[in-house]
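Asker: Sharing a structure below in structure tokens format, with a few things to ask.
The values are calculated or read from the model by the stated rules, or taken from the named source; none is laboratory data. Owing to the predicted nature of the structure, the values given are computational and were not obtained by experimental measurement. We place every Cβ from the backbone using ideal geometry, glycine too, and count neighbours over all the protein chains shown. The area values use the complete protein model at the heavy-atom level, side chains included, leaving out ligands, DNA and RNA. Shrake-Rupley method; radii C 1.70, N 1.55, O 1.52, S 1.80 Å.
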Amino acid sequence: MTEALYLTDSSTRRFEATVERVAGDRVVLDRTCFYPSGGGQPDDRGTITADGTGWAVTDVAKKDTIYHTLDGDPPEPGTAVVGELDWDRRHAHMRYHTAQHLLSALLLDEFDAPTTGNQVYEDRARLDCAYDRFDEDDLATIEDGLNGLVAEALPVRWYEMDRETAEAELDTDRTRIDLLPDSITELRIVEIGGDGPAGPCDRTDAAAVPYDRTACAGTHVESTADIGTVTVTGRETRGSDGERIRFELA
């Protein structure tokens, strides 16, 4: 099974690995920083090089393990390679994904509107939620709230927690643990604000309680300040009781 380095460190751009397996134009590495498509976040792109030969990574997908699709005949199993991310693409996804977490938390707090879906890109993002209809004043409130959270430069951190503890201590309306398959027993928790992982959400010290804490395997920036200015670009109706909000980052 490939070691997913991006789960512990989202900032690494270059890494060394060994080819474990070849499947057509795809390779499986023993370790990787390339994020596979999932959770509303697109896959990473970049290059893999070995002995002066380079391949573009054109797709990254996770099935039984992580597969990297290359643009030519791949290197043989056992080959030592160097992977390098398209950092502009990755960093954009990190900023947008973190902003989506803020938006999900804000909508739940201000409008009691749980997130039902999301998709981020390099230059825009959208979020679907269960809500009747937002008006222009609502959109202005959402945009102001997001930029206020960005200005606070809240820390963003992630850590592992076993599922049983998470279900007992965390707010499932935010973490959405109930939507995860029962086979997932170890969770990666992404937390924004607060003083770090420890204990349930009902602590009395307001400064210690995170603004958001949810189960997520995506990549994120380390401070909300890194998100930049948020502009809500519009809304649209999604079904009888759903709304979609679109936003962009400076």
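Asker: Just to check your reading of the model, which residue among 92, 99, 125, 140 is among the aliphatic types (A, V, I, L, M), in contact with a Phe, Trp or Tyr (Cβ under 6 Å, 6 or more places away or on another chain) and open to solvent by less than 70 Å² (accessible area, probe 1.4 Å)?
Answerer: 125
Asker: Next question. Scanning the range 206-250 for residues that are on the phi > 0 side of the Ramachandran plot and in a loop (DSSP other than H, G, I, E, B), which turns out most open to solvent (accessible area, probe 1.4 Å)? Full working, then the answer.
Answerer: Pass one, the range 206-250, residues on the phi > 0 side of the Ramachandran plot: 228, 234, 239.
With in a loop (DSSP other than H, G, I, E, B) added as a condition, the list becomes 228, 239.
Numbers: 228: 21, 239: 55 Å².
Ranking the candidates gives 239 first.
Asker: Being touching a Phe, Trp or Tyr at 6+ places or on another chain (Cβ under 7 Å) and either open to solvent by 50 Å² or more (accessible area, probe 1.4 Å) or touching a residue at least 40 places away in the same chain (Cβ under 8 Å) (or both) is true for just one of 156, 190, 150. Which residue is that? Can you show your working first?
Answerer: Working: 156 fails: touching a Phe, Trp or Tyr at 6+ places or on another chain (Cβ under 7 Å); 150 fails: touching a Phe, Trp or Tyr at 6+ places or on another chain (Cβ under 7 Å).
Criteria check complete, one pass: 190.
Asker: Hey, could you check the range 37-63 for residues that are farther than 30 Å from residue 100 by Cα and not in a strand (DSSP E or B) and say which is least open to solvent (accessible area, probe 1.4 Å)?
Answerer: 52
Asker: Next question, about the same structure. Which of the residues spanning the range 124-172 are of a type in the set (Asp, Glu) and within 25 Å of residue 42 (Cα to Cα)?
Answerer: Matches in the range 124-172: 128, 143, 160.
Asker: Out of (1) in a loop (DSSP other than H, G, I, E, B); (2) over 18 Å from residue 211 (Cβ atoms), the odd one out for residue 81 is which?
Answerer: (1) is the only condition that residue 81 fails.
Asker: In addition: Please specify each residue of the range 126-180 satisfying the condition of being assigned to a helix (DSSP H, G or I), modelled with pLDDT of 90 or more and among the aliphatic types (A, V, I, L, M).
Answerer: The answer is 139, 140, 142, 146, 149, 150, 151.
Asker: When you scan the range 64-78, how many residues do you find that are part of a strand (DSSP E or B) and open to solvent by 10 Å² or more (accessible area, probe 1.4 Å)?
Answerer: Looking only at the range 64-78, we keep the residues that are part of a strand (DSSP E or B), and these are 66-70.
In the following step, the residues that additionally are open to solvent by 10 Å² or more (accessible area, probe 1.4 Å) were identified as 67, 69.
Count: 2.
Asker: Might you check whether a residue that is in contact (Cβ under 8 Å) with a residue 40 or more places away in the chain, among the aliphatic types (A, V, I, L, M) and open to solvent by less than 60 Å² (accessible area, probe 1.4 Å) occurs anywhere in the range 174-186?
Answerer: no
Asker: Can residue 24 be described as at pLDDT below 95 and open to solvent by 10 Å² or more (accessible area, probe 1.4 Å)?
Answerer: no
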